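The structure under discussion appears below in the form of structure tokens.
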Protein chains: 6
Amino acid sequence: MLYITRRETFSAGHRLYNPDWSDERNQDVFGKDANPNGHGHTYTLEVTVRGEINPETGMVIDLRDLREIIRRTVTDKVDHANLNLDVDFLRGVLPSAENIVVACWQQLLPALDGVQLYRLRLWESENNSVEYFGD
Amino acid sequence: MLYITRRETFSAGHRLYNPDWSDERNQDVFGKDANPNGHGHTYTLEVTVRGEINPETGMVIDLRDLREIIRRTVTDKVDHANLNLDVDFLRGVLPSAENIVVACWQQLLPALDGVQLYRLRLWESENNSVEYFGD
Amino acid sequence: MLYITRRETFSAGHRLYNPDWSDERNQDVFGKDANPNGHGHTYTLEVTVRGEINPETGMVIDLRDLREIIRRTVTDKVDHANLNLDVDFLRGVLPSAENIVVACWQQLLPALDGVQLYRLRLWESENNSVEYFGD
Amino acid sequence: MLYITRRETFSAGHRLYNPDWSDERNQDVFGKDANPNGHGHTYTLEVTVRGEINPETGMVIDLRDLREIIRRTVTDKVDHANLNLDVDFLRGVLPSAENIVVACWQQLLPALDGVQLYRLRLWESENNSVEYFGD
Amino acid sequence: MLYITRRETFSAGHRLYNPDWSDERNQDVFGKDANPNGHGHTYTLEVTVRGEINPETGMVIDLRDLREIIRRTVTDKVDHANLNLDVDFLRGVLPSAENIVVACWQQLLPALDGVQLYRLRLWESENNSVEYFGD
Amino acid sequence: MLYITRRETFSAGHRLYNPDWSDERNQDVFGKDANPNGHGHTYTLEVTVRGEINPETGMVIDLRDLREIIRRTVTDKVDHANLNLDVDFLRGVLPSAENIVVACWQQLLPALDGVQLYRLRLWESENNSVEYFGD
């Protein structure tokens, strides 16, 4: 069993804001993350899949295929987008790193064939990251 | 003459848009960077100053002072902000990396004392950066 | 279950030396690490906690809180310190990377509330690191 | 139980090519990776071992020993080599990252004493990596 | 005057070998770099151009254009290639990092319009790099 | 004219302290950097030399020679050392990054032959660095 990781980046805007709360409570809980006009990040997404080596190719999955699946289902949709407003698969989702990574999992899972999605890691900055294993 | 560099990061939103143009022309020129709801980056700013070594301290400038000047005049103002709307020193400025770095220069220059501002480098991502030497 | 990682750095001095041994044996076992006047590292500590997403905030833990806990219990105590002499929670501990990371675990564990401490990773340099999962 | 990771780099050439196939099929499956004259990578190999802390030394394994074992059994053999032609332990192996990492595992396993080989991670570039845990 | 840098990577094979010399002399001068079957690197190329800010766009050059020029004239030709045998603009060139960077300059210079090529930096590994300013 | 950079790291301890001053003044000026038992850093030193390409070798200088010169004259002396007490070429020098880099220049300059020492850059951490061009 081998674990293959592909790393992609995207640049997106977001704002942490719970619409069920007053502005004051949003400001209290999220601080600068609730600023009305939003901010953004250069995100890095690491996608790890696992599977057996195909003895004829020496590969678990062609990395060009994995890259295209990630771009088609995730990064082409979120790159240069506002994560609160522009992304179909984040509709109604508070775009915290935690919620983004879970939503990315749901995008990637049905698109992968012959390998198992094992782990997603999303970096908001060089100091902060979130990992998800699907459960 | 020694050159001292301090690196700081900030997370901000922006949109490239020229208000003198139609939406179509903005879309033509800026592509995804003109998306109406904006996007964002985790920016890295490198500030380089130069000066002589003080023989009593072995230092050109106390790096804690340099850090505080950068934070007070630049990064506290742009971090978790929308660069089109929220930042006093970017009012009326199209917030391209090039224009941001020139505006940062103007913020830092009067705040530095005893050293010479030599170079600013602004990274929008690990692949794209802009440098400015003040002229 | 989400895994949240916060990365902090600190600069510290240390010396590997077992006081129960002769200087010769220390030199034999630890080599340059036993040099009498010590040396030091810019350490990087990655703290990973895990927990459920709070559906109201989209977060497992506020990263500003996690950062403050790490600073208060660990990095403020070890930064710019001599790990053999200056740190209360390392008293009597031979400050190898392995022992430091176990001691950091014991500092962090009682300070975390509502999340589970999952993993610590300590880097002494870009090539050497140690991980600990608490058992 | 502590996990110790040592990172080493090497520069090597390779070509993905299955000798049981026609050139056309190799080109179809491997694309540019099948170019007849080969290409290459600056590889990074991360070796993780695990074990108990020796209470007298504070160490699981002396990192200088671990480094020498990695160099002697793996990186001295693959550095500045052609992985299709020059490396004894890759004879007859299609040198995909997956197959290389499995072959490195078999080189390292018998050379380690007193610690358990836990994980290998091989990076072909900053965006692509493979991990193996021995089963 | 602003300086814009775009970073691209490519994976290539090469061998240092002077055909006017005996094999022995090649081995003496180049060591492992002269191994007959070659080796390779994951190269990073940083291209820096300089120019004035266009006041209507806030940009010196559209980074997407710069990226396409670099790919078309350089990285598409050298990626997954053998630098001794496969690259038209390196025909007859001993592919040291120094000679590669000079040849890349000659490829890029006529393709750039409206900005001045200022600096190329080529990294063979994280520890070794070469810079060229065109003279 | 080509510029060649080699990067080396070393781990060292130091303390900022001016022996002509009282302890109070040292504490006022240097803060935690004056802690009596010292601290340390994982330093990175980048050495840049410049020269013409030798047309027979394609090289300005053999990077293995440059690496050996750096190790022999600088990094072997400062690695795992206390910069206040253990290093001959820092005797009587207050070991600030600025003073260290000037002293390294004086070590390297007479050891280089056929190339010109152009720039030294010393990183104390990922955020702080000092550059020196010899005047």
_Simple Cβ-charge dipole of chain D, Lys/Arg +1 and Asp/Glu -1, about Cα centre, in debye nearest 20_ = 180
*Per-residue SASA entry for D:Met1, accessible area with 1.4 Å probe, Å² rounded to 10*: 70
*Determine, for each peptide in F:12-21, F:95-104, the mean count of other beta carbons within 10 angstrom over its residues, then list the peptides with the highest first.*
F:95-104, F:12-21
*Taking only the alpha-carbon atoms of the protein assembly as shown, what semi-axes of the equivalent ellipsoid follow from 5 times the gyration tensor eigenvalues under a square root, in whole Å, largest first?*
36, 36, 32
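Fully extended, how many nm does the chain gain between A:Glu56 and A:Asn18 (0.36 nm per residue separation, minus their Cα-Cα distance)?
Working: separation 38, 0.36 × 38 = 13.68 nm, distance 5.15 nm.
Extra length from A:Glu56 to A:Asn18 when fully extended: 8.5 nm.
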*For chain D, what's the relative contact order in percent, using C-alpha pairs closer than 8 Å and at least 6 residues apart?*
31
*Net charge contributed by nearby residues that have their C-beta within less than 11 Å of F:Asn37 (K/R +1, D/E -1)*: +1
*Sort shortest first the distances from C:Leu109 to its counterpart in every other copy, using label points 7 Å along the Cα-to-beta-carbon line, and give them in nm.*
3.4, 3.4, 5.6, 5.7, 6.6
*Show the residues, 5+ positions off or on another chain, whose built amide H is closer than 5 Å to the amide H of F:Glu126.*
none
*For B:Met59, which sequence-distant residues (separation of 5 or more, or a different chain) have an amide H within less than 5 Å of its own amide H, given hydrogens modelled in the peptide plane?*
B:Asn54
*Report ³J(HN,Hα) in whole Hz for each residue of the stretch B:6-13, in order, from the Karplus equation J = 6.51 cos²θ - 1.76 cosθ + 1.60 where θ = phi - 60°; Gly and Pro get x.*
10, 10, 10, 10, 8, 10, 9, x
*Can you give the FRET efficiency for D:Glu68 and B:Glu68, using 1/(1 + (r/R0)^6), R0 = 30 Å, r = Cβ-Cβ distance, to the nearest 0.05?*
0.05
*Applying the Karplus parametrisation 6.51 cos²θ - 1.76 cosθ + 1.60 with θ = phi - 60° to the phi angles of the stretch F:96-112, what ³J(HN,Hα) value in whole Hz is obtained for each residue in order, glycine and proline being reported as x?*
6, 4, 4, 5, 4, 5, 5, 5, 5, 4, 5, 6, 7, 3, x, 8, 9
_For B:Asp76, place a label point 7 Å from Cα along the Cα-to-Cβ direction in every copy; what are the distances to the other copies, in nm, shortest first?_
1.9, 4.5, 5.0, 5.0, 5.6
*Listed here are the pairs E:Lys32/F:Lys77; B:Lys32/B:Lys77; D:Lys32/E:Lys77; A:Lys77/B:Lys32; which of them are more than 20 Å apart at the Cα?*
E:Lys32/F:Lys77; B:Lys32/B:Lys77
*asked:* Inside 10 Å of the C-beta atoms of A:12-18, what's the mean count of C-beta atoms belonging to other chains?
replied: 5
*Please label the shape of the stretch D:73-135 as rounded, prolate or oblate, based on the square roots a ≥ b ≥ c of the eigenvalues of the alpha-carbon gyration tensor (a/c under 1.5 means rounded; beyond that, a/b larger than b/c means prolate, else oblate).*
oblate
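Note the per residue figure in Å³ for the convex hull of the C-alpha positions in chain F.
Details: hull volume 14.8 nm³, N = 135.
Cα-based convex hull of chain F, divided per residue, equals 110 Å³.
Only Cα pairs under 8 Å and at least 6 apart count here; give the relative contact order of the stretch D:1-79 as a rounded whole percent. Numbers along the way, then the final one.
Numbers: 92 pairs, mean separation 34.8, N = 79.
Averaging sequence separation for qualifying contacts and normalising by length gives 44 percent for the stretch D:1-79.
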*Which whole number gives the average count of other chain Cβ atoms within 10 Å of the Cβ atoms across peptide D:85-98?*
3
*the stretch F:43-63 and the stretch C:102-124: distance between their alpha carbon centers, rounded to Å*: 45
*Per the 1.4 Å probe, what fraction of the accessible area of the protein assembly as shown, in percent, lies on carbon and sulfur atoms?*
43
*Taking each residue of A:61-71 in turn, how many C-beta atoms of other protein chains fall within 10 Å of its C-beta, and what is the average?*
2
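Quick one: net charge around F:Asn26, please, counting Lys, Arg +1 and Asp, Glu -1 for every other residue with C-beta under 14 Å from its C-beta. Before the final figure, lay out each step's value.
Numbers: positive: F:Arg15, F:Arg25, F:Lys32; negative: B:Glu56, B:Asp62, F:Asp20, F:Asp23, F:Glu24, F:Asp28, F:Asp33.
Once positives and negatives cancel, what remains is -4.
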*Chains B and A: buried accessible surface, both sides, probe 1.4 Å, rounded to 100 Å²?*
1700
*Can you list, shortest first and in nm, the gaps between the label point of D:Glu52 and those of its counterparts in the other copies, using a point 7 Å from Cα in the C-beta direction?*
3.8, 3.8, 6.3, 6.6, 7.4
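Using a cut-off of 13 Å between beta-carbons, work out the net charge of the residues near C:Asp76 (Lys and Arg +1, Asp and Glu -1, C:Asp76 not included).
On the way: positive: C:Arg67, C:Arg71, C:Arg72, C:Lys77, F:Lys32; negative: C:Glu8, C:Glu68, C:Asp79, C:Asp86, C:Asp88.
Its environment carries a net charge of 0.
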*Karplus-derived HN-Hα couplings along the stretch B:28-39 (A = 6.51, B = -1.76, C = 1.60, θ = phi - 60°), whole Hz, x at Gly and Pro*: 4, 7, 9, x, 4, 5, 9, 3, x, 8, x, 9
*Just which residue of chain E brings its Cβ nearest the axis of rotation onto chain A, and by how many angstrom, rounded whole?*
E:Thr9, 7
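The values are calculated or read from the model by the stated rules, or taken from the named source; none is laboratory data. Small disclaimer: the values here were computed from a predicted structure and weren't measured. Virtual Cβ from ideal backbone geometry, glycine too; neighbours counted across all protein chains shown. We work out accessible area using only protein heavy atoms, side chains counted, and drop any ligands, DNA or RNA first. Shrake-Rupley method; radii C 1.70, N 1.55, O 1.52, S 1.80 Å.
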